[in-house]
Each structure stands twice: as C-alpha cells, then as structure tokens.
Amino acid sequence: MSIKHVLFVVTNTAEIGPNRRSTGYFFPEIAHPYEVFSQAGVAVEYASLLGGTPPEDGYDEKDPAQVAFRQSASFRRMGNSRPLSQVDVLDYDAIFFPGGLGPMVDIANNPQIQRAIERAWQGGKIVAAVCHGPAALLGVKLEDGTPLVQGRRLTGFSNAEELGYAQADVPFLLEDALRAEGAVYSAADVWQEKVVVDGRLMTGQNPASGGALAKAIVDALR
C-alpha cells in the first residue's frame, strides 16, 4: 500500500481580539492527531498562509503526546512550514485544519484558503478540521455556488464552550457562523469528545476530539 499524506494547514496568527490575547494553533490539536497518523504510517506535512514557524498556544508539558511531538522531526519541519501558495492540495490525500484561536483571524473567510478547500474537495480529497479549525470552511463554495457546508453534518467549537473561553476575543461565534451557511451542526457537552463524519467532510468539536478525528481519517484512508 502506498503511503498516504495529510497536509496540516496551520495559522500564522499570534494574537487576537481587542485585548491582544496571545494565541496560535492549539498544541494538542496537532500533537494528538500527529501521534495517530505517525502510528498508522501516514505522512504529515505542514503549510501556512505565510510559511515559516506558526505561533503556538496551549502546550502541556504533562501530556506525553505533546512532549513527544515537540521533540520530533515533524515538529521541526513544521517550523519551516511551506507557504500555502507553493503547495498543491491535490498532492495530498487529506487536508487538516487544527484549531486554536488563530484560525479565526487569518484562516476564516480567507480566499486562498477557500480556493484550496474547493480544489481539494473537487479533487475527491478528505477535508478535516477540529475545534476552531472549521472556520476554514466558511465561504467555501461548491461548483454550483452553494456553500460546502450547506446540509452537511459537522461540528466545531460550540457557543457554550466559547462563552467560557474566548467570547471577548473572537470576532464571531463559530457555531453560529456554520449554522448561518446551512450546516447541520451538532455538539456534545462542553469539552467532551465529538467527531462527525459526513462523507469526506470530517470534523471534531474541541481539543479532546483531535485524536479521534485523526483515527476517523486513518480509517477513511484505508
């Protein structure tokens, strides 16, 4: 069996909101999926809009998976992420958008991100996102002009979770924005694992869902 490849598209945003809250990608939302992909023999590569070293948030030195990822060659490669403009998403079997608050700034409603997802989707690839990562799906259109998420089942960081976390910092509530584009949104209780698979669209609700989402992707790639 040929090796499968997943492209992580990571935020370049280091601060958010009127209080200039420090942010970036949420560390476990890359570390936990990476652990799953690595054990399954799936190759991981990294891109970001600007390239270079993505800012991080939420590192927990008590989590063995996060410690292992920080010490890995993959983490060092992420420090030299390729600009998305230099990457063809059709070279990958899946694209994956980790969360953190950063994507709410640079990845949400970004035309370059939208074009990349549209190209991946039309090319038959898996499109996956976790936590705030589904912000990448906003504004993505199918060939007939309808929103990609319209009528599709998905999840993402819930209003209830945001109210206790970063409501004062984010420019919009992700759950509301996804519903406004016609998504069939569902969520578990706050901070509980939830993954929704609707064909090639695969989403996880929050940091607890990253590993389970990666397992669903691995199952689909097989």
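Things worth noting here:
- Taking 0.36 nm per residue of sequence separation and removing the Cα-Cα distance, the residue 77/residue 188 pair yields an extension gain of 36.6 nm.
- Whole-percent carbon and sulfur share, accessible surface of the chain, 1.4 Å: 47 percent
- Pairs of lysine residues in the chain that meet both criteria, 8 or more places apart or on different chains and Cα atoms under 25 Å apart, total 9.
- Note that the chain presents 42 Å² accessible area per residue, ligands and nucleic acids not counted, probe 1.4 Å.
- The chain shape via C-alpha gyration tensor axes, a/c threshold 1.5: rounded
The values are calculated or read from the model by the stated rules, or taken from the named source; none is laboratory data. In this text the structure is predicted, and so the values were computed from the model without any measurement. What goes into the accessible areas is simple: the full protein's heavy atoms, side chains included, and nothing from ligands, DNA or RNA. Shrake-Rupley method; radii C 1.70, N 1.55, O 1.52, S 1.80 Å.
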